[in-house]
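Structure first, then comments.
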């Protein structure tokens, strides 16, 4: 213990501050990147000052004809319903193909090389925005919702597959060993050892992906792949502001409605799961909401 | 000087955590409060710096009329009262010195806090506090990389950095092992004596209480049931406080031996 | 072993909720499948027809990866992503603080903020871009604004969720030391979330880079403009070149970003 007599006025030497090179380099790189972008981007920053007024005027003319005619409303709601249907069927298709594929990507079920190849396929699929897929599909499947459905399906395949195999690998090893011990074949092993454990998580993530896909399918019409995006791009092209306003309202309300219902079901599924399993070892319970989202694809 | 007069605290659920308390604690005293969990020890301590408001009654802390303080005045009071917690309450992800500098917040202009540039004078005060608990060499280590005992010493340093007139310690050793507990208690005792800081400590273990306290206060169901010097505290008194005879759970040495 | 018949405990019935969800899923699937006119045979048929897109892939123009115009478009995409992310990240921190109990003791503004954020989040990035193109005009500014709003929504949501789960101990300590509200936030709250926040910011940048590639489809700048140009002219060979270039950039950025994120958390 230090004596009370000294040290009262003497200047105290702190230990030298450690230097965090990693952070230093990182922040320098970002500052340079941001600075370069600010200076060299091809736009007039003065226009940014006009933007609020521009947007205010736009909103004025967009809601000029509020609440629109009932035919317009019905048409737009029908288009949104198309988008929702595309998102759902696309999600289902992705899930149907992702489940078996994800087993091929789980290192604890198949060998490392197979898992690696499957994962690379997932990674490539994950990187493509759905709109680009739709753009490539439209010439093949025509200007129809089917092009959109397949774009959503293929686009979700990668992320659902990735998610599924991560869940499978996180599942406690116990049940798999138990099934091994009674001499189960690998198919039986999957059916009885893995599926019952992960079914609630799979369902929950499926719904979450559906919510994300709604946002994607609402814009696929921009490249002609069906749904409400087509009406939007027409509105932009022909400067039909009131139609753009209606489309905006319908998209927001439709998306929030689906989010609410799907979110409530997800909450219920996860809650039921917590009561049934409940242990702190349960991998899904350990996942914080932020981490779960991070593991996710763009929530757009 | 701390003076409670007819002070009551009743929580929203209807639980009475402090009942008609009359208590006076003089400057520089080292007081230990004992009692079962739920007896109102934490409430008493947190009433002193206004973290728990009185439901009725008077409380005067160094001239501050605690029940009737404005928000600004309450912050001024709190800056004079250091606090040490059972769970340390450190920010794990930042350095030891940053944790200790939290004790200087009331004295440092807000803009300086926001950009994280503290005046040299305040850094020196924080460093001196760290030196006093002999952990200055870890100043730039992340708090999460310290042992439990070291973390509580950082907690003490944070309270000291406030240059307080009063230190409140809420179960400061409940998360620590016996040898570490003694180290922490010795620091608290020493600081109180050297700097003349009034120190009020909640303790669960009776042997620790008698070993360090100048004065022991016993609480039971929010009521004061004992107030006297540590030496006057025998088994009979503890039975009054606890409402039952002593068991191994009540003393640290015996519990550690279990 | 006896031959006595063993009485099992009653088998737990599947919950009404579970049955309900499954019925809902099946019914919804049937209805939506009809709505979009789903048919496997149709897909097979379509695939058997001559396919200009696949032909383009076989004759891919690698040169398009390095052409002057593509390079310019890519730089613009990158700049939009950088600036949109930066703006969104900066503004999202106070918004996230104000929309949680830790940072904002008042319920009403909190609820309002969260509701606004939900509305922002329900608008897809391309729709934002479309709106800004209508209001502000064609060009990178519209794309930048779209990415800004989208970043804002994503970052605020993720950060608010993190804030809901922080350790309250340091907050009590700051209060007990007489800190003001903003000092408490800066010293007890921000250091706790900073690693996660930086990681979210990088993640958001990955998202924005991917998104900024398509914003040009509605006229909001970046390589989307080029994609639209090739698509309209049916130049699939060049379009594929651009798509591969895009892949490459996204992969490199993601590879770096994931590694940095791992070190941060």
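Worth pointing out:
- Residue that is surrounded by the most Cβ atoms within 10 Å (Cβ to Cβ) [pool: residues in the stretch C:95-140 that are within 12 Å of another protein chain (Cβ to nearest Cβ) and over 24 Å from residue A:245 (Cβ atoms)]: C:96
- Residue C:134 being assigned to a helix (DSSP H, G or I) and in contact (Cβ under 8 Å) with a residue 40 or more places away in the chain: no
- Of all residues making up the stretch B:16-39, the number that are part of a loop (DSSP other than H, G, I, E, B), at pLDDT 90 or above and over 16 Å from residue B:169 (Cβ atoms): 2
- In the stretch C:89-113, the residues that are assigned to a loop (DSSP other than H, G, I, E, B) reach residues that are modelled with pLDDT under 90 with C-beta atoms within less than 7 angstrom, at least six apart or across chains, in these pairs: C:99/C:114; C:99/C:117; C:100/C:164.
- Test: residue B:138 is within 16 Å of the chain's Cα centre (by Cα), more than 14 Å from chain C (Cβ to nearest Cβ) and without any contact (Cβ under 8 Å) to a residue 60 or more places away in the chain: no
- The stretch C:169-191, residues that are closer than 16 Å to residue B:115 by Cβ, within 7 Å of chain B (Cβ to nearest Cβ) and in a helix (DSSP H, G or I): C:182, C:183, C:186, C:187, C:191
- Counting the residues of the stretch C:211-246 that are touching a helix residue (DSSP H, G or I) at 6+ places or on another chain (Cβ under 6 Å) and closer than 30 Å to residue C:262 by Cβ gives 8.
- Residue in the stretch B:117-133 that is in contact with a strand residue (DSSP E or B) (Cβ under 6 Å, 6 or more places away or on another chain) and closer than 19 Å to residue B:88 by Cβ present: no
- Scanning the stretch C:205-251 for residues that are more than 21 Å from residue A:155 (Cβ to Cβ) and without any contact (Cβ under 8 Å) to a residue 40 or more places away in the chain yields C:229, C:232, C:233.
- Among the candidates A:14, A:49, A:24, the residue that is in a loop (DSSP other than H, G, I, E, B) and either within 14 Å of chain C (Cβ to nearest Cβ) or without any contact (Cβ under 8 Å) to a residue 40 or more places away in the chain (or both) is uniquely A:14.
- Set A:249, A:258, A:233, A:270: member being without any contact (Cβ under 8 Å) to a residue 40 or more places away in the chain, in a helix (DSSP H, G or I) and either more than 7 Å from every other protein chain (Cβ to nearest Cβ) or on the phi > 0 side of the Ramachandran plot (or both): A:249
- Residue C:250 meets all of the listed conditions (1) assigned to a helix (DSSP H, G or I); (2) out of contact with any strand residue (DSSP E or B) (no Cβ under 9 Å at 6 or more places or on another chain); (3) buried (at least 24 other Cβ atoms within 10 Å of the Cβ) but one, namely (3).
- Of the residues making up the stretch B:78-94, those that are more than 7 Å from chain C (Cβ to nearest Cβ) and in a strand (DSSP E or B) are B:81, B:82, B:84.
- Pair list, Cβ < 6 Å and 6+ apart or interchain, from the stretch C:10-31 residues that are facing chain A (nearest Cβ under 9 Å) to residues that are modelled with pLDDT of 85 or more: C:29/A:92
- The stretch B:52-66, subset in contact with a strand residue (DSSP E or B) (Cβ under 9 Å, 6 or more places away or on another chain) and closer than 23 Å to residue B:197 by Cα, residue surrounded by the fewest Cβ atoms within 10 Å (Cβ to Cβ): B:65
- Leading residue by the ranking (surrounded by the most Cβ atoms within 10 Å (Cβ to Cβ)) among those in the stretch C:141-168 that are at the interface with another protein chain (Cβ under 7 Å from one of its Cβ atoms) and in a helix (DSSP H, G or I): C:150
- Selection of the stretch B:30-51 for residues being on the phi < 0 side of the Ramachandran plot, surrounded by 19 or more Cβ atoms within 10 Å (Cβ to Cβ) and away from chain C (no Cβ under 14 Å) yields B:30, B:31, B:32, B:33, B:34, B:39, B:41, B:43, B:44.
- All conditions in (1) more than 15 Å from residue C:175 (Cα to Cα); (2) more than 7 Å from chain C (Cβ to nearest Cβ); (3) out of contact with any strand residue (DSSP E or B) (no Cβ under 7 Å at 6 or more places or on another chain); (4) not in a helix (DSSP H, G or I) hold for residue B:97, with the sole exception of (4).
The values are calculated or read from the model by the stated rules, or taken from the named source; none is laboratory data. The shown structure was predicted, so the numbers you read here are calculated from the model rather than taken from an experiment. For neighbour counting, all protein chains shown are included, and Cβ atoms are generated from backbone atoms with ideal geometry for every residue, glycine included.
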